[in-house]
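The values are calculated or read from the model by the stated rules, or taken from the named source; none is laboratory data. Values in this document were obtained by computation on a predicted structure and should not be read as measured data. Note: ideal-geometry Cβ built from the backbone for every residue, glycine included; neighbour counts use all protein chains shown. Side chains included, ligands, DNA and RNA excluded: accessible areas come from the protein's heavy atoms. Shrake-Rupley method; radii C 1.70, N 1.55, O 1.52, S 1.80 Å.
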Amino acid sequence: MPLLTTERTDEPGFENRSRACKLVYMLDLSFVRANLELVEQKLRDRGQDPASLLGDFRTLDQHRRQRITEVEQLKAQRNKLNEEVARLKKSGQDAASVMEETRALKSRMESLEATATDAEEELRAILTRIPNLPSNDVPVGRSEEDNVEIKRWGEIPQFDFAPKPHWELGEQLGILDLERAAKISGARFAVYWRDGAKLERALISFMLDIQTREHGYTEVLPPFMVNSKSLFGTGQLPKFADDLFHCDDVQQNKPDEYRDNDHWLVPTAEVPVMNLYRDEVLEDAQLTTSLTAYTPCFRSEAGSYGKDVRGIIRQHQFQKVELVKFTRPDESQAEHEKLTRDAETILERLGLPYRRVLLCTADLGFSSAKTYDLEVWLTGQQLYREISSCSNCLDFQARRANIRYRPAGQNKTAFVHTLNGSGLAIGRTWLAILENYQQADGSVRIPDALVPYMGGQIEIRAKSR
């Protein structure tokens, strides 16, 4: 659907408005204004209440536009008065009364401009909290139960013994230590020992090699701490502050405004990688830019307590290899399919059964217009579990982060489309290998593709510490 392309600059008086007024909208103001009923329906499809999100959008917008029009009318009057002042002075006549009228007009214009600025800031606040609108091919649903399975790959392993979950295997093999992790950091942390740590490192190198050598991604190692502007750009702030770890005392020193010098631990490499081009204009020849990065990820998992308390499914810290793309609007749909296939390739090379699921409207992330989840089969738990979310954000994030490109042969710039996906979550891949490659004697076979990354090692067996 036709979400944003460029910032609206054709309104009366735009060129004379203050810098504070020239705000980049998350959703195009002109689009929302012209398609308010459609926006409201898309929000309802997401399970959101349009009234609580949009508030008095229409009234504010009308009020703002009226004030801008009034300013333009007053400016025309002031220009005529200035001409009259010049004429009177030239002829030696008294211009005091006309000059006083000019000053009154200026004062009135400043008051109207301030009112328009206030209205625009309120509109920006409204549009900031509106999530991306689902693409038209996303199924409408009320919960994850309405997600649509697109395909399945691989045969589910069959064992002649009772398979164990990864937390039992890890403990028995001496490679996963949750008890000591809780002692040094608290719940939802893990310590990996020996072959467990080696397997984690092997997976990181394997995933990065596949994406850079075979799929054409450029590897980048970004900072693991970011500022608030970066989190705003990708959509984590302000809505999801409780899900993040702030490096200051968030209760005592929570910033009133987003600053450059405050720091948060990254929830995903998507945040620093996406913001590499914040406030920049890319040349057409640079697109599509495909980047991959390894980072640890830190999430508070607010609201998840009582869920997945066993093992390492849901951790405060985990490792991930991320895939990020910056592309032209007319190519983002095809690039979304490519990115998803790039993530699937890792699962297939490792021989891990999975399925691809198209998320319904109610299950979409805040910044996503369309998302495929890849869910890996976990034999020890007899279920599919998400291991990657591959999302097309259209120009939603690019507007927040002000990332543009210059189309070939054109002078005007446009917003890029951004895409991201896990390629893959390391911890969940690690546990999937343990559960799907476990042997009757308690050992775990190494997938053939990982053997070179494990120094030729073909299995993991218990060792004394």
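Is it true that Val376 is at pLDDT 95 or above and surrounded by fewer than 24 Cβ atoms within 10 Å (Cβ to Cβ)? Working first, answer last.
Numbers: at pLDDT 95 or above: yes; surrounded by fewer than 24 Cβ atoms within 10 Å (Cβ to Cβ): no.
No.
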Selection status of Gly421, within 34 Å of the chain's Cα centre (by Cα) and open to solvent by less than 50 Å² (accessible area, probe 1.4 Å): yes
Residues satisfying the stated conditions in the stretch 327-358, i.e. more than 27 Å from Arg445 (Cα to Cα), of a type in the set (A, V, I, L, M) and surrounded by 24 or more Cβ atoms within 10 Å (Cβ to Cβ): Leu339
Qualifying residue in the stretch 214-225 (condition: modelled with pLDDT of 95 or more, touching a helix residue (DSSP H, G or I) at 6+ places or on another chain (Cβ under 8 Å), crowded, with 17+ Cβ neighbours inside 10 Å and closer than 30 Å to Ile130 by Cα): yes
Residue within the stretch 295-312 that is at pLDDT 95 or above, open to solvent by less than 10 Å² (accessible area, probe 1.4 Å), touching a helix residue (DSSP H, G or I) at 6+ places or on another chain (Cβ under 9 Å) and assigned to a loop (DSSP other than H, G, I, E, B) present: no
Residue within the stretch 236-250 that is at pLDDT below 95, surrounded by 21 or more Cβ atoms within 10 Å (Cβ to Cβ), within 20 Å of Cys390 (Cβ to Cβ) and in contact with an Asp or Glu (Cβ under 8 Å, 6 or more places away or on another chain) present: yes
Members of the stretch 395-425 found to be hydroxyl-bearing (Ser, Thr, Tyr) and within 13 Å of Glu270 (Cα to Cα), listed by number: Thr418, Ser422
When residues of the stretch 283-294 are limited to those that are open to solvent by 30 Å² or more (accessible area, probe 1.4 Å) and of a type outside the set (D, E, K, R), the one nearest to Cys393 (Cα to Cα): Thr288
Residues of the stretch 264-282 that turn out to be open to solvent by 50 Å² or more (accessible area, probe 1.4 Å) and either free of Cβ contacts under 8 Å to residues at least 12 places away in the same chain or out of contact with any helix residue (DSSP H, G or I) (no Cβ under 8 Å at 6 or more places or on another chain) (or both), as a count: 3
Meets criteria (open to solvent by 10 Å² or more (accessible area, probe 1.4 Å) and in contact with a His (Cβ under 7 Å, 6 or more places away or on another chain)) for Leu383: no
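Condition check ((1) farther than 30 Å from Glu70 by Cα; (2) modelled with pLDDT of 95 or more) across all residues:
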residue	(1), (2)
Gln93	yes, no
Ala96	no, no
Ser107	no, no
Val140	yes, yes
Leu176	yes, yes
Residues that are free of Cβ contacts under 8 Å to residues at least 24 places away in the same chain and aliphatic (A, V, I, L, M), drawn from the stretch 98-153: Val98, Met99, Ala104, Ala114, Ala125
The stretch 191-205, residues that are of a type in the set (A, V, I, L, M) and either farther than 18 Å from Tyr294 by Cα or free of Cβ contacts under 8 Å to residues at least 40 places away in the same chain (or both): Val191, Ala197
